[in-house]
Amino acid sequence: MTQENIESILTEDRIFAPSEAFRSKARINNRADYDALRARAEKDHEGFWAELAKSEIDWHKPFTKTLDSSRAPHFSWFTDGELNISYNCIDRHLKDKGDKTAIIFEGEKGDTRRITYKELHKNVCQFANALKAKGIKKGDRVVIYMPMVPEAAVAMHACARIGAVHSVVFGGFSAESLKDRIEDAGARALITADGGTRGGKVVPLKAACDEALGKGCKTIETVFVLKRAGNDVAMKNGRDIWWSDATKGQAETCEPEWVNSEHPLFLLYTSGSTGKPKGIQHSTGGYLLGTIVTMNWVFDIQENDIYWCTADVGWITGHSYVAYGPLAVGGTALMYEGAPVIPDAGRFWKICQDHKVTIFYTAPTAIRALMKAGDDYPNKYDLSSIRLLGTVGEPINPEAWIWYHEVIGKERCPIVDTWWQTETGANVIAPVPGAVDTKPGSCTIPLPGMAVDVVDDAGNSISTPDRGGYLVIRKPWPFMLRTIWGDDQRYIDTYWGKFNNRYYVAGDSCRRDKDGYFWIMGRIDDVLNVSGHRLGTMEVESALVAHERVAEAAVVGRPDDIKGEAIFAFVVIRGPRPQGSEADKLTKELRDWVAKEIGPIAKPDDIRYADNLPKTRSGKIMRRLLRTIAKGEEITQDISTLENEDIVKQLQGEM
Ligand code: 7RM
């Protein structure tokens, strides 16, 4: 697909500056200082990152070489340095804040726990010793398939402590997906729980493990099982061991394994547009640095903050902003086990009130769902502790942004819209909230040391405002992915092939406005070409959700003889799903509406109504599934991670 002129017609010109109250306490609190920092990074890319790596990380052996590009497009950072990430997240805080709360946990049923840095240290060390007792050693892969409980983070840190490479598989994935990932990683151990609680039901994690292991996974020698939900599980003699038995009598300290900065910390599987999931491999030192600098710059975390990122540890956001980042900076992280609507749509706001959350980070899909539930829920709770809001995962439509700003943030809290990927390791484009004004729907400008650009098909930087192109990163950065596990050629082809190894290609389309603000238009393969006009699916979606009756919309292309691509919209409306003549009437109204909002070219050709959109539990709309449905083809892809399988029939127009 050529990308000469991705047209952008979505315009949003409101601009929001941080309040004086916010700025007066922020660590970077004006644009001039911030621009000076960015300029310094631009002038001396390596020196900038080297200085930060020295000041922010406790090295067991200091590095002398900052960046090695001799194997480009493979890059190594701080190569001869040695460290341990679990030491940096836990041990180094023990002296000054051993009794500080590291993790606040709330279960779906309302049970809560507070774990201090000292307790976390003990738990991690004992479990690390349990892993060692089962023969797990540096470099071995360990798969973690757990509910959102503190032990998931403990398991990750225990692996990191002994140099084992963890691969967390989201607890919502099926046994089949778990098996694929275990086999691809060649894991020796599996860490799971009897079950987790979500949406009022027990998720039978151990049963899924048994099913996966029954189908293959010959490399697994040990399965550690945490008792959490209390459901009955089968334990296989010689293979399965309860977490409590494995840790019983283990020493409360465990000398960290000092690893090279480039030592793989984890693999995390993520889907591409085609083929099997890719095991994204991250490093230790560079990755740690990314989580630390972004916790400081973007989240402006301070000593007394209560930081809540709602992501599951099965996704990159849960790695960088639950398990590692908040602890690396000695903060307090909140973890919540369950669904946002149990017992009702006020749960998130109640948690914010009860635990005095100060920084709240979630996904646009959650914001839209909670917005749809009405203002009464947030209005019932005291949200005055919150000082900063964040979003991640997809572009946020301006309507949801404004709701978040007004109803949750009470017009007091900046919103950090953070663009990044599993592959980038940490935030890449995001506002530094005390210094950068925000615009609803834009992730604003790149962070210091991040050479982000928008280029055309020939790879030339696009300077014309609002002209769309490919989002690329021109220079290596410390927290970038290192390769795809077991498929290095795919790493080169996917991320570097398009422009001859010149840039990292993110796979997103993007435009920059006249102020240099970045507006993500969607994945490259989500770009429509209608009669030669290139439209971001997100722009049509934003227009649709701006209509008062529309709660959510997803737009895909379907081949059309005349136009090239026709626009197919799946729409969730507020209130009951329209049918028959009522649906026809609304369809006409929405088509006219989009024509008015964007232009006749963007009018959806088909609109289909459903009670929900098909999403993975991380909130990503399953666009490939929607494309299949729009084409009227038979569904062959794996829909096991779908929240609600019943809606497939509605989407197909069959009920
Ligand atoms: C963190 C995460 C990555 C893809 C990425 C984008 C989309 C993420 C934003 C966004 C617009 C954002 N990792 N994306 N954040 N689009 N604005 N703030 O989600 O690997 O799972 O997904 O998500 O398309 O390429 S991910």
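The values are calculated or read from the model by the stated rules, or taken from the named source; none is laboratory data. Here the structure is a predicted model, which is why all the values come from computation and not from measurement. Note that we place each Cβ from the backbone using ideal geometry, even for glycine, and neighbour counts take in every protein chain shown.
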Pick from the stretch 600-626 the residues that are of a type in the set (V, I, T) and touching a strand residue (DSSP E or B) at 6+ places or on another chain (Cβ under 6 Å): which of them is modelled with the highest pLDDT?
I607
Across the stretch 495-536, the tally of residues that are part of a helix (DSSP H, G or I) and either without any contact (Cβ under 8 Å) to a residue 40 or more places away in the chain or more than 12 Å from the ligand (Cβ to nearest atom) (or both) stands at 1
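Would you please name the residue that is nearest to the ligand (Cβ to nearest atom), looking only at residues in the stretch 383-396 that are in contact (Cβ under 8 Å) with a residue 60 or more places away in the chain, part of a strand (DSSP E or B) and of a type outside the set (G, A, S)?
Applying the first criterion (in contact (Cβ under 8 Å) with a residue 60 or more places away in the chain) to the stretch 383-396 yields 385, 387-388, 390, 392-395.
Filter once more, so that each one left must be part of a strand (DSSP E or B): 388, 390, 392.
If we keep only those that are of a type outside the set (G, A, S) as well, we get 388, 392.
Details: L388: 15, V392: 5 Å.
Applying the filter and picking the extreme gives V392.
For the stretch 226-244, indicate whether the set of residues that are at pLDDT below 95, within 19 Å of I182 (Cβ to Cβ), surrounded by 21 or more Cβ atoms within 10 Å (Cβ to Cβ) and in contact with a strand residue (DSSP E or B) (Cβ under 9 Å, 6 or more places away or on another chain) is non-empty. Outline the logic, then answer.
So in the stretch 226-244, the residues at pLDDT below 95 come out as none.
Within the stretch 226-244, none of the residues are at pLDDT below 95, within 19 Å of I182 (Cβ to Cβ), surrounded by 21 or more Cβ atoms within 10 Å (Cβ to Cβ) and in contact with a strand residue (DSSP E or B) (Cβ under 9 Å, 6 or more places away or on another chain).
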Within the stretch 291-347, restricting to residues that are of a type in the set (S, T, Y), more than 16 Å from the ligand (Cβ to nearest atom) and under 18 Å from T391 (Cα atoms), the one that is surrounded by the most Cβ atoms within 10 Å (Cβ to Cβ) is Y307
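Okay, residues lined up against (1) within 16 Å of the ligand (Cβ to nearest atom); (2) over 19 Å from the mean Cα position of the chain (by Cα); (3) of a type in the set (S, T, Y); (4) within 17 Å of F299 (Cα to Cα):
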{"site": "H405", "(1), (2), (3), (4)": "yes, yes, no, yes"}
{"site": "K410", "(1), (2), (3), (4)": "no, yes, no, no"}
{"site": "C413", "(1), (2), (3), (4)": "no, yes, no, yes"}
{"site": "V416", "(1), (2), (3), (4)": "yes, no, no, yes"}
{"site": "W420", "(1), (2), (3), (4)": "yes, no, no, yes"}
{"site": "N427", "(1), (2), (3), (4)": "yes, no, no, yes"}
{"site": "G434", "(1), (2), (3), (4)": "no, yes, no, yes"}
{"site": "D437", "(1), (2), (3), (4)": "no, yes, no, yes"}
{"site": "T444", "(1), (2), (3), (4)": "yes, no, yes, yes"}
Does any residue in the stretch 88-102 that is small (G, A, S) come within less than 7 Å, Cβ to Cβ, of a residue that is modelled with pLDDT of 95 or more and in a helix (DSSP H, G or I) six or more places away or on a different chain, and which pairs are these?
G98/Y117; G98/K118; A102/Y117; A102/L120; A102/L327
K122 vs. criteria of a type in the set (K, R), touching a residue at least 12 places away in the same chain (Cβ under 8 Å), outside any loop (DSSP other than H, G, I, E, B) and closer than 24 Å to A333 by Cβ
yes
Screening R474, R482 for residues that are at pLDDT 95 or above, under 20 Å from G290 (Cβ atoms), of a type in the set (D, E, K, R) and under 20 Å from the mean Cα position of the chain (by Cα) leaves only R482
